[in-house]
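Peer 1: If you scroll down you'll find the structure; I have some questions about it.
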Amino acid sequence: MTTWRPNPYIRVVAIGLHWRDGRLLAAEVRDDTGRIKGVRPLGGEIEFGESWRAALLREFHEELGIDIIITGEPIMMENIFVHEGATGHEVMFIAGVTFPDGAFSNRDRIDFREDNGEQIVARWFDLDDLDVEDGPRLYPTGLKDLLLASKNKSI
């Protein structure tokens, strides 16, 4: 298992919100013991000179091998967090995305590898099951409240 720590600088990232039957696609986030502590929508770091849109398209293509469609303008969040005692800081572009017709429609989970070789599991989660006692957290912190507040919007 890979031991991950946040970078010691501000990262700018793009993440995509993919919904299926009212459930959000998110990757498992594990602590150092391997326990699932939370989940996070898919996406990644924006490279220098790359737009958030290009980064989001690239990340989904690299991770899942598919070409997504971005469905609207992003919401922005600042994410300052602590993981295993290390502080991380991100500025996030968060946008809705759709998959090509039939992509992963017959699967409950998607397994893929990050650039560093780490095996990742992504599944669709009901928001009601996240950020509850004894349940996984939805990262970034505050995203669930933002999604619930904008339920009638296209994100």
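Peer 1: Output the residue which, of all residues in the stretch 1-44 that are part of a strand (DSSP E or B), within 28 Å of Asp67 (Cα to Cα) and charged (D, E, K, R), is nearest to the chain's Cα centre (by Cα).
Peer 2: Result: Arg40.
Peer 1: In the stretch 97-155, how many residues are surrounded by 14 or more Cβ atoms within 10 Å (Cβ to Cβ), among the small types (Gly, Ala, Ser) and free of Cβ contacts under 8 Å to residues at least 24 places away in the same chain?
Peer 2: So the count comes out to 1.
Peer 1: Residue pairs, Cβ under 8 Å, 6 or more apart or interchain, first in the stretch 15-32 and touching a residue at least 60 places away in the same chain (Cβ under 8 Å), second among the hydroxyl-bearing types (Ser, Thr, Tyr). List them.
Peer 2: Sorted first by the residue in the stretch 15-32, then by its partner, the pairs are His18/Thr98; Arg20/Ser105; Val29/Tyr139.
Peer 1: Which residue pairs have Cβ atoms under 8 Å apart, sit 6 or more places apart or on different chains, and have a first residue in the stretch 57-80 that is among the small types (Gly, Ala, Ser) and a second that is surrounded by 13 or more Cβ atoms within 10 Å (Cβ to Cβ)?
Peer 2: Hits for this filter: Gly72/Ala95; Gly72/Gly96; Gly72/Ile155.
Peer 1: Let me ask another. Take the conditions among the β-branched types (Val, Ile, Thr), at pLDDT 95 or above, closer than 17 Å to Ile15 by Cα and surrounded by 13 or more Cβ atoms within 10 Å (Cβ to Cβ) and apply them to Ile69. Does it pass?
Peer 2: On the way: among the β-branched types (Val, Ile, Thr): yes; at pLDDT 95 or above: yes; closer than 17 Å to Ile15 by Cα: yes; surrounded by 13 or more Cβ atoms within 10 Å (Cβ to Cβ): no.
Against the criterion (among the β-branched types (Val, Ile, Thr), at pLDDT 95 or above, closer than 17 Å to Ile15 by Cα and surrounded by 13 or more Cβ atoms within 10 Å (Cβ to Cβ)), Ile69 does not qualify.
Peer 1: Any residue that is of a type in the set (S, T, N, Q) and touching an Asp or Glu at 6+ places or on another chain (Cβ under 9 Å) - is there at least one of those in the stretch 69-80? Working first, answer last.
Peer 2: Of the stretch 69-80, the ones of a type in the set (S, T, N, Q) are 71, 79.
Going one step further and asking which of them are touching an Asp or Glu at 6+ places or on another chain (Cβ under 9 Å), we end up with 79.
Checked the stretch 69-80: at least one residue is of a type in the set (S, T, N, Q) and touching an Asp or Glu at 6+ places or on another chain (Cβ under 9 Å).
Peer 1: Quick one: in the stretch 13-38, of everything that is open to solvent by 40 Å² or more (accessible area, probe 1.4 Å) and among the hydrophobic types (A, V, I, L, M, F, W, C), which residue is nearest to Ala86 (Cα to Cα)?
Peer 2: Selected residue: Ile36.
Peer 1: Could you go through the stretch 39-49 and let me know if any residue there is open to solvent by 90 Å² or more (accessible area, probe 1.4 Å) and farther than 19 Å from His83 by Cα. Spell out the reasoning first.
Peer 2: Looking only at the stretch 39-49, we keep the residues that are open to solvent by 90 Å² or more (accessible area, probe 1.4 Å), and these are 47-48.
Restricting the remaining residues to those that are farther than 19 Å from His83 by Cα gives 47-48.
Checked against the condition, which is being open to solvent by 90 Å² or more (accessible area, probe 1.4 Å) and farther than 19 Å from His83 by Cα, the stretch 39-49 yields at least one hit.
The values are calculated or read from the model by the stated rules, or taken from the named source; none is laboratory data. Being a predicted model, the structure only gives us computed values, none of them experimental. Cβ coordinates were reconstructed from backbone atoms using ideal geometry, including for glycine residues, and neighbour counts include every protein chain displayed. We work out accessible area using only protein heavy atoms, side chains counted, and drop any ligands, DNA or RNA first. Shrake-Rupley method; radii C 1.70, N 1.55, O 1.52, S 1.80 Å.
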